[in-house]
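The values are calculated or read from the model by the stated rules, or taken from the named source; none is laboratory data. Source: prediction; values computed, not measured. Cβ placement follows ideal geometry from the backbone for every residue including glycine, while neighbour counts extend to all protein chains displayed.
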């Protein structure tokens, strides 16, 4: 009981793994792609942040999501707060559901990722269409599809890294 | 109104290394392909460039005479003299990852004298304008962005209108042009300098389609931009000295 408590609230270990994974997510979301693939670019940052919120909800939560989202706004040149808002939304849903999500088999997790990132993409579209004349189309759900497709791999890779470097 | 602009500007400095990192694969690839290009190819290219240089020099000779003549004629007309435009070369270090936004990031910022609203060109025409400046990089909205508008005129007939971006990478629309306006397919469009933002006389694009729909109040006219918006890495920042 006592040691369990120590693990729960002990000093953070291996935070560089988390920072590195976020950095890789940033680079992947900025790398130039051909026109065709561009509209289906997965929401990399949301995937990575979702994993860490799911794995270590006592350490990574809304502030983490907000900060990483804000930096993505600056990198993408989006209006300040657009990604911050959607990332907070994503991590809030993940936090609310984390105990259930952990129990799900991979395909069910992927489906939940589809729903959560679908909601995130819709919020992004609301912000964009409020500030500029963007045409809403169902293509905006492509990132949610590709993200859901990639989730099992992201999950496996990050879980391996977390166990290998004892991130807590 | 814009309290967050300095915050954004400094955050941009903080994330610039990440943008460089994201650009690295493309940069490395072009370095590698440059390093392994064959000798005969280089010789061939060298010969071609020499020939082209000769042609360009001949055109410059003519241009100098014409410029001198133009200045003399303007002096006769008592109009103000337009000074020569200064340019600075910048390199593209990123594109906006959002497919619905036509923006590029260049590697010059306020430290190099870049300012908001500055016109950006390439060798073939107008590319866009600077919409965000941070100390070491800046963001350029291309003419094809859905929120871009440029005052333009037809080179042949002098008809003035506004060219609007469509959000598609190879199409501009001309706004509110009457059906009787003298515009034909193939006409060259140049910047008219009316908005005081883009300088006069740089090529903007070629008219590719003119549709006169009796049911619409205005003609629908499509333009293909002259600048190579999604090719090449170098752009020109324009410093006009007319003021």
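Determine whether residue A:103 is away from chain B (no Cβ under 12 Å) and either at pLDDT below 95 or more than 12 Å from the chain's Cα centre (by Cα) (or both).
Against the criterion (away from chain B (no Cβ under 12 Å) and either at pLDDT below 95 or more than 12 Å from the chain's Cα centre (by Cα) (or both)), residue A:103 qualifies.
The condition (being within 14 Å of chain A (Cβ to nearest Cβ) and without any contact (Cβ under 8 Å) to a residue 24 or more places away in the chain) is satisfied by just one residue among B:32, B:18: B:18. Taking the criterion of being within 19 Å of residue B:7 (Cα to Cα), more than 9 Å from every other protein chain (Cβ to nearest Cβ) and in a loop (DSSP other than H, G, I, E, B), the only residue of the range A:33-80 that qualifies is A:79.
With respect to the conditions (1) touching a residue at least 24 places away in the same chain (Cβ under 8 Å); (2) outside any helix (DSSP H, G or I), residue B:99 lacks only one, and its number is (1).
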